[in-house]
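Novice: Below you will find the structure I want to go over with you.
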Amino acid sequence: MRNPNGAIDTLKRLMSELPDDPLAVEAQARIAGVQLYSLRDFGAARAALRDFMAGHPDYPAMMVVACDLAYCSYDQADYAGAAALFTEAGKLEEVGNYRAMILYMTADCYMRILDFKKAKEQADLLISTYPNEPAAALAVEMYASLTGSWMTGGAQ
C-alpha cells in the first residue's frame, strides 16, 4: 500500500460521515488491518482489533478479524499466544477457507515452540478435513516427519 496513513484517514472520514452505515463497521476493521499489515504497528492493531471484536460481536467475518489478532502475536514471535488465539479464531463461524489456514498456522506455532504432538494433531486435522486446500498440501510437505502415513494417525 503506497499511503497507509492516507487510507486510514479516508476510512476514518467514511466512519464519521456515515456512522450508521455497515460500511463504517467494515472501515473500522480495515483500519486495524492497515495498522497491522502495512504499518506493522502491532500495539495499535492489537488494540483496534480487540475493540472491534468487543464492539461488533455479530460481525459476519469475525474469523478474519480474530486471525488478524492472532497474527499480531505470531509476527512478534509469541507463538504460544498465537496458537491460543488461532485456536479461538477457528471456533468462529467459518469465512472462506480461513479454517484451513488457521489449522496450518496453529500447527506452525506448535512446531515453533517444539510441541510436536500438538503440531501433529493440527496438521492431521487440516489434512483430513481440508484435503484439497493448498494449506493441506503445504502441511503434508512441511510436516512430513509428523504426518507421514507410516506414523500412527498420520495422513493416509
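Novice: What is the percent of Cα-Cα separations in region 98-137 that go past 14 Å? If you can, show how the numbers build up before the last one.
Specialist: Values: 269 of 780 pairs.
For region 98-137, the fraction of Cα-Cα distances above 14 Å is 34 percent.
Novice: Moving on. Rounding to the nearest 10 and keeping the result within 0 to 90°, find how far the Cα-based axis of helix 116-129 lies from the longest principal axis of the chain.
Specialist: Between helix and principal axis, roughly 80 degrees.
Novice: While we're here: Just to confirm the number: angle between the C-alpha axis of helix 79-89 and the first principal axis of the chain, 0 to 90 degrees, nearest 10?
Specialist: Helix 79-89 and the main axis of the chain meet at about 70 degrees.
Novice: Turning to a different aspect of this structure: Can you pull out the trypsin sites (Lys or Arg not before Pro) in region 33-73 that DSSP calls coil and that have at most 14 other Cβ atoms within 10 Å? Intermediate results must be reported in sequence, preceding the final value.
Specialist: Numbers: sites: 40, 46, 50; in loops: 40.
Answer by residue number: 40.
Novice: Here's a follow-up. Looking at the chain as a GNM with Cα springs under 10 Å, which of 16, 73, 145 has the largest mean-square fluctuation?
Specialist: Largest GNM mean-square fluctuation: 16.
Novice: Could you work out, for region 1-80, what percent of all Cα-Cα pairs fall into each 5 Å distance bin, beginning at 0 Å and stopping at the bin that holds the largest distance?
Specialist: With 5 Å bins starting at 0, P(r) equals 3, 16, 26, 24, 19, 8, 2, 1, 0.
Novice: Considering Cα pairs under 8 angstrom that are at least six residues apart, work out the relative contact order of the chain and quote it in whole percent. The partial results should precede the final answer.
Specialist: Working: 195 pairs, mean separation 19.5, N = 156.
In percent, rounded to a whole number, it is 12.
Novice: Tell me, what is the percent relative contact order of region 21-90, built from C-alpha pairs under 8 Å that lie six or more residues apart? Write down the numbers at each step before the final one.
Specialist: Details: 60 pairs, mean separation 17.1, N = 70.
It rounds to 24 percent for region 21-90.
Novice: Let me ask something else. If region 1-139 were replaced by its equivalent ellipsoid, with semi-axes equal to the square roots of 5 times the Cα gyration tensor eigenvalues, what would those be, largest first, whole Å?
Specialist: On the way: eigenvalues 178, 51, 31 Å².
In descending order, the three semi-axes are 30, 16, 12 Å.
Novice: A further question follows. FRET efficiency for residue 141 and residue 80, Cβ-Cβ distance as r, R0 = 25 Å, nearest 0.05?
Specialist: Working from the Cβ atoms, E equals 0.55.
Novice: Hey, another quick one. Taking the number of other C-beta atoms within 10 Å as the exposure measure, put 106, 10 in order starting with the fewest. Let's see the in-between values first.
Specialist: Values: 106 28, 10 14.
Ordered from fewest to most neighbouring Cβ atoms within 10 Å, 106, 10 come out as 10, 106.
Novice: While we're on this one: For region 26-41, take each phi angle, set θ = phi - 60°, evaluate the Karplus expression 6.51 cos²θ - 1.76 cosθ + 1.60, and give the result in whole Hz per residue in order, putting x for glycine and proline.
Specialist: 4, 4, 4, 5, 5, 4, 4, x, 5, 4, 6, 8, 9, 8, 6, 9
Novice: Taking the chain as the reference, fit the longest principal axis to its C-alpha atoms, fit the long axis of helix 98-112 to the helix C-alpha atoms, and give the angle between the two in degrees, 0 to 90, nearest 10.
Specialist: Around 60 degrees separate the two axes.
Read-outs throughout are calculated quantities, based only on the coordinates presented, and are distinct from any laboratory measurement. None of the values given here were measured: they were computed from a predicted structure. We place every Cβ from the backbone using ideal geometry, glycine too, and count neighbours over all the protein chains shown.
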